[in-house]
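Below you'll find the structure, written out as structure tokens, and then a few comments.
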Amino acid sequence: MPKAVGNGMKVLGRRSPTILNGAWTELLFWDGRAESLEEQALGPIAAPGEMNQDLDAMIATVKAIPEYGMLFAKAYPGEPVTAKTVGKAIATFERTIVSGQAPFDEWIAGREDAVSEDAKAGFDLFNGKAECSKCHTEWLLTDNGFHDIGVEGNDPGRAQHLHLQAMQSAFKTPTLRNVDRRAPYMHDGSEATLEQVIEFYDRGGKARRPSLAPEMKALHLTAPEKRQLVEFMKTLTSVDPAVTLPSMPR
Amino acid sequence: MILKQALWRMMPVLLGCGATLRAETVVDQKDRKFSVTEVTVKPGEKVSFKNSDDVAHNVFSVTPGLEFEIQRQGPGEKSTVPFNKEGTVEVRCSIHPRMKLTVNVKK
């Protein structure tokens, strides 16, 4: 599903961003409109296009279920069940969704055979000719920044909340951890595969407009180089325990 | 030696000039961080923002009444911003919001 589906099965304008490693993220959503996970957690519940719930009514529903009362009293002693505590509870759960040790990490730690030779060459390209690391940096492979990378469309992105030209059509750099599990790609799901993503960057993005990040330019990658970059990205995926949804009181 | 003596004799004059010609305050941007988290300047003084990174930055403030925006600043570029009004200016890079700087403007 390229884009999220909201209230009344309406297809929304953007793809749902991953919550993976959200524990280390600030300014959440593709446009950075939420300052914290606690704030982010409540946004989709109340948004008319998404879950379209009245927060007061939602709290009343939660309060009417005795098991929730006990769970909240245990987790937040002395605090009433409010939107604030619900936001804290959801954010605390989200902070447990983290990626583990990937083959790339094992290779960095010294196990030479943890990744293929193609993946190693891909890592060189990632940091060199392809310049991916200018934005996909540090251990989460994101600068937590906002860039217009030239995805077509008129979504104002970050500029909707920060009225600066450079923020027009700028979206948050996503982490590349476990990236091969999250197709399709881009804020609108417009690129179906990692191979298509590399083609997108090789041509320096698609849209041409004043806000386009200056880092976006044609890369002139060869076919083997494109394949090596994809091989590298696949090494960023960890084998993590499955997240099992708890059975919730009703 | 004569030159040194002459400079030494002129020192009070040079120091006197210092009262009006303060050293330029330079804030560097390197590794997606400001080189300092806080600077203090007097009203009318300027702060220069230097980009020592290999990526663009976009330094701005939306502090009410003290707003400014350098706009996109490429690697190696330097831009100077006057701070004319007293106040506490919260400065950010719009591209890299973890870059945070406070400029205290006070007499």
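Restricting to region A:162-200, and then to whatever is hydroxyl-bearing (Ser, Thr, Tyr) and either at pLDDT below 95 or part of a loop (DSSP other than H, G, I, E, B) (or both), can you tell me which residue is surrounded by the most Cβ atoms within 10 Å (Cβ to Cβ)?
The initial filter retains those residues of region A:162-200 that are hydroxyl-bearing (Ser, Thr, Tyr), namely A:169, A:173, A:175, A:185, A:190, A:193.
Subset that is either at pLDDT below 95 or part of a loop (DSSP other than H, G, I, E, B) (or both): A:169, A:173, A:175, A:190, A:193.
On the way: A:169: 26, A:173: 21, A:175: 24, A:190: 18, A:193: 13.
Here the residue is A:169.
Counting only residues that are under 14 Å from residue B:106 (Cβ atoms) and part of a loop (DSSP other than H, G, I, E, B), which one in region B:37-62 is farthest from the other protein chains (Cβ to nearest Cβ)?
Applying the filter and picking the extreme gives B:42.
Working only within region B:66-78, note down all residues that are within 14 Å of chain A (Cβ to nearest Cβ) and under 14 Å from the mean Cα position of the chain (by Cα). Break it down stepwise before answering.
Let us first name the residues in region B:66-78 that are within 14 Å of chain A (Cβ to nearest Cβ), namely B:67-77.
B:68, B:69, B:70, B:77, listed by residue number.
Considering every residue within region A:25-37, establish whether at least one is part of a helix (DSSP H, G or I) and either farther than 24 Å from residue A:250 by Cβ or without any contact (Cβ under 8 Å) to a residue 12 or more places away in the chain (or both).
Within region A:25-37, the subset part of a helix (DSSP H, G or I) is A:37.
Next cut, either farther than 24 Å from residue A:250 by Cβ or without any contact (Cβ under 8 Å) to a residue 12 or more places away in the chain (or both) only: A:37.
There is at least one residue in region A:25-37 that is part of a helix (DSSP H, G or I) and either farther than 24 Å from residue A:250 by Cβ or without any contact (Cβ under 8 Å) to a residue 12 or more places away in the chain (or both).
Sort out which residues of region B:80-107 are away from every other protein chain (no Cβ under 14 Å) and part of a strand (DSSP E or B), and write them in order of number. Spell out the reasoning first.
If we filter region B:80-107 for residues that are away from every other protein chain (no Cβ under 14 Å), which is where we start, we get B:80-89, B:101-107.
The answer is B:80, B:81, B:82, B:83, B:87, B:88, B:89, B:101, B:102, B:103, B:104, B:105.
Within region A:115-134, which residues are of a type in the set (Gly, Ala, Ser) and touching a residue at least 60 places away in the same chain (Cβ under 8 Å)?
Going residue by residue through region A:115-134, those that are of a type in the set (Gly, Ala, Ser) are A:116, A:119, A:121-122, A:128, A:130, A:133.
Hits for region A:115-134 are A:116, A:119, A:121, A:122, A:130.
For region A:138-147, name all the residues that are facing chain B (nearest Cβ under 10 Å), buried (at least 19 other Cβ atoms within 10 Å of the Cβ) and of a type outside the set (Gly, Ala, Ser).
The first filter runs over region A:138-147 and keeps only residues facing chain B (nearest Cβ under 10 Å), leaving A:138, A:143-147.
Next, from what is left, pick out any that are buried (at least 19 other Cβ atoms within 10 Å of the Cβ): A:143-147.
Matches in region A:138-147: A:143, A:144, A:146, A:147.
Restricting attention to region A:87-121, which residues are closer than 22 Å to residue A:23 by Cα and not in a helix (DSSP H, G or I)?
Scanning region A:87-121 gives A:95, A:96, A:97, A:98, A:99, A:100, A:101, A:102.
The values are calculated or read from the model by the stated rules, or taken from the named source; none is laboratory data. Just so it is clear, the model here is predicted, and its values are computed rather than measured. Every residue, glycine as well, gets a Cβ built from its backbone with ideal geometry; the counts of neighbours run over all protein chains shown.
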